[in-house]
Amino acid sequence: MSFYIRSAAIKDVEKMRQLISFYAAKNLMLPRDRGYLHKLLANYSVAIANGEFVGTCGFQLWQPDSLEVVSLAVKPKFQHQGMGTALIQSVINKGVSLGFNYFFTLTLVPELFEKSGFK
């Protein structure tokens, strides 16, 4: 499966919200409303496969020197293809470019983040 990661754009917000809501309804992540996603849009990346939006991930400032990785979500049929790991790395790269070097997450699926070096 060929895919790429890019910065989220305004046209992605509703798709991001729907995908996050899908997992939030299963109690696997926190819901995010349109206002939250619009406000933090620059902090988000999206995965695109065959021209289709298939995933997202973002960050939010937690402390003056640390960022929380949030809202990692990949459509079920596109999981286990490296997109989640690529989304996490994209978000970390954005944070590093802003001068941050401490990242953490609060998750119910620690295995995926452990693959990306989280402890």
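The values are calculated or read from the model by the stated rules, or taken from the named source; none is laboratory data. Please read all numbers here as calculations on a predicted model, not as lab measurements. Cβ atoms come from the backbone with ideal geometry, glycine included; neighbour counts cover every protein chain shown. Areas reflect the complete protein model, heavy atoms only, side chains present, ligands, DNA and RNA absent. Shrake-Rupley method; radii C 1.70, N 1.55, O 1.52, S 1.80 Å.
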Scoring the chain by relative contact order with C-alpha pairs under 8 Å, at least six apart, yields a percentage of 24
Max mean-square fluctuation residue, GNM over the chain, Cα-Cα springs under 10 Å, options 70, 96, 109 = 109
How many percent of the accessible area of the chain is carbon or sulfur, using a 1.4 Å probe?
-> 56
So what's the projected area for the range 1-84, the Cα convex hull averaged over all directions, in nm²?
-> 5.7
For residue 68 and residue 28 in one chain, what is 0.36 nm times their gap in residues minus the Cα-Cα distance, to one decimal in nm?
-> 12.7 nm
Can you tell me the accessible area per residue over the range 1-65, all protein chains present, probe 1.4 angstrom, in square angstrom?
-> 57
Hypothetical label at residue 97: residues of the range 1-35 whose amide nitrogen lies under 12 Å (7 Å Cα-Cβ projection) = 6-8
Could you count how many Lys pairs in the chain have their Cα atoms under 18 Å apart, skipping same-chain pairs fewer than 8 positions apart?
-> 9
Among 62, 85, 31, the residue whose Cα sits farthest towards the positive end of the charge dipole of the range 1-98, when +1 is placed on the Cβ of each Lys and Arg and -1 on the Cβ of each Asp and Glu, is 31
Work out, step by step, the length gained on full extension between residue 48 and residue 18: first 0.36 nm times the residue separation, then minus their alpha carbon distance; give nm to one decimal.
-> 9.2 nm
